[in-house]
Amino acid sequence: MSLMNKTGLYIHVPFCGSKCNYCDFNSYVGKLGLAEEYFACMQREIDLYRKEMVYNNIGTIFIGGGTPSCVEHRFIGEILDAVREKYNVSEQCEISIESNPGTITEEKLRAYRQYGINRLSIGLQAYQEKLLGFLGRQHSSEDFISSIKMAKNAGFDNINADVIFGIPGQTMEDWKETLNILAGLDVTHISAYDLKIEEGTKFGDMQEAGKLIEMEDEADREMYHYAIDYLRQQGFRHYELSNFAREGRECRHNLIYWNCLEYLGLGAGAHSFLQDIRFENQASIEGYTDYLMRGEKPVEERFVRDFCEKMSEYMFLGLRLIDGVNRDIFEDRFNQDMFKTYASKVEKLKNQQLIETDSHGIRLTSLGLDLANRVFVEFV
Ligand code: SF4
């Protein structure tokens, strides 16, 4: 299905049972009591965007978090009902939900299927108990295996697993085992993220206190390239820096982001890109609900970009894709030849062997995958 003329819808569920040691997502612990009010406010937010969304055809919905699976499933069902009633949702809409092992039951998964959810994402992160404990995850690898079984029993045939490499203390053998287990479980999509230690997280504090040392670059890159080679052999297509999919199972929602297409984000801290404007919601749950109780859109910040910034954004998002940026599509969109617009940058990055080009477009080389940020900053 082509994504052109389709809009994405993101729904943020900011609740979590506990905070993982590496997490800098907009998620809150101990606030599940606010869920009823939060989703009631989201119903108002849906109403407030009816006018903007009247001509948009929603091709993907992504319910992310936080941990969407830690709230009662009826909240999710009610939001999806409202979205279908008030917006135009395409019949073949991809509807994904994120979940964590230990927070899902077969009953919940069956309810998700009834609500039309057709893609499930499960956070495994690592298969070894020692690493799960170190990351501050609240589940075991057994919980993950049983989540996959329950998901299949409930009728999910499109399942993603999130995993992390570059964890201090993780060995190459651990990483190989994690990927091997996933390949054997017949998941259709794998997101493999490189651990980044962020300020304000427990790991960030530990690093500052000298109690955590990041994995050496060489070992980290070895894990990344092992994943690329191994998952390719197992029939996955490496289609974005961190993402691998079986044929036709790429995450259509995330493709909307990387192709700079429109999406509306609902919920605390959600980002949107609509009618050529990027904007961001108030991040705290209480701040978000306050706006909506007053009948106002909960928008905290709007970002106006000029023409050059729009082109740059298109380049650095598009270069995340393994197929890279296509010259004709760029020209259709901006009426410019990207090889002329970016002639000196392209020359420089080619000389550094970070990108390769042909008459169709530009893409990262194998070295460029390792040093992608160096390429992206050229376009920022
Ligand atoms: S479950 Fe996800 S969102 Fe929640 S704390 Fe852990 S990493 Fe963050």
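None of the figures in this text is laboratory data; all of them are computed from the coordinates on show. Since the structure is predicted, the reported quantities are computational estimates derived from the model, not experimental observations. Backbone-built Cβ (ideal geometry, glycine too); neighbour counts: all protein chains shown.
Tabulated results
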quantity: Least to most buried among K297, K130 (fewest other Cβ within 10 Å first); calculated: K130, K297
quantity: Cysteines in the chain that, by Cβ-Cβ distance, have no pairing candidate under 4.7 Å; calculated: C16, C41, C70, C93, C251, C260, C308
quantity: Helix-only [θ]222 nm of the chain, DSSP H runs n ≥ 4, -39500 (n - 2.57) each, per residue, nearest 500; calculated: -12000 deg cm²/dmol
quantity: Cα pair distances in region 20-179, grouped into 10 Å bins until the bin that holds the longest one, percent each; calculated: 9, 35, 33, 17, 5, 0
quantity: Spatial separation of Cα centroids for region 4-65 and region 169-208, in angstrom; calculated: 25
quantity: Cα-derived Rg over Rh, computed across region 120-272 with Rh taken as Kirkwood radius; calculated: 0.97
quantity: Equivalent ellipsoid semi-axes - Cα gyration tensor, region 170-233, angstrom; calculated: 27, 13, 10
quantity: For the chain, the longest site-free run once GluC sites (Glu not before Pro) in DSSP loop states with at most 13 other Cβ atoms within 10 Å are removed; calculated: 1-197
quantity: Ellipsoid semi-axes in whole angstrom, largest first, where each is sqrt(5λ) of the Cα gyration tensor of the chain; calculated: 31, 28, 21
quantity: Whole-Hz ³J(HN,Hα) from phi, Karplus 6.51 cos²θ - 1.76 cosθ + 1.60, for region 310-315, glycine and proline x; calculated: 5, 5, 4, 4, 4, 5
quantity: Amide H contacts under 5 Å for F15, placed H, 5+ residues apart; calculated: Y28, T67
quantity: Trypsin sites (Lys or Arg not before Pro) restricted to region 263-351 and DSSP loop, no more than 14 other C-beta within 10 Å; calculated: R294, R305
quantity: Sequence-distant lysines (8 or more away, or on other chains) whose Cα lies within less than 21 Å of K149; calculated: K108
quantity: DSSP beta bridges in the chain [antiparallel fraction, %, rounded to 5]; calculated: 40
quantity: Over region 6-258, relative contact order from alpha-carbon pairs under 8 Å, at least 6 apart, %; calculated: 18
quantity: Straight-distance crosslink candidates among lysines, where the alpha carbon sits under 21 Å from K19 and sequence neighbours closer than 8 are dropped; calculated: K31, K130, K196, K202, K211
quantity: Per-residue ³J(HN,Hα) for region 196-209, Karplus 6.51 cos²θ - 1.76 cosθ + 1.60, θ = phi - 60°, Hz, x for Gly and Pro; calculated: 10, 8, 9, 4, x, 9, 4, 5, x, 5, 5, 5, 4, 7
quantity: If the convex hull is drawn through the Cα atoms of region 307-379, its volume per residue in Å³; calculated: 75
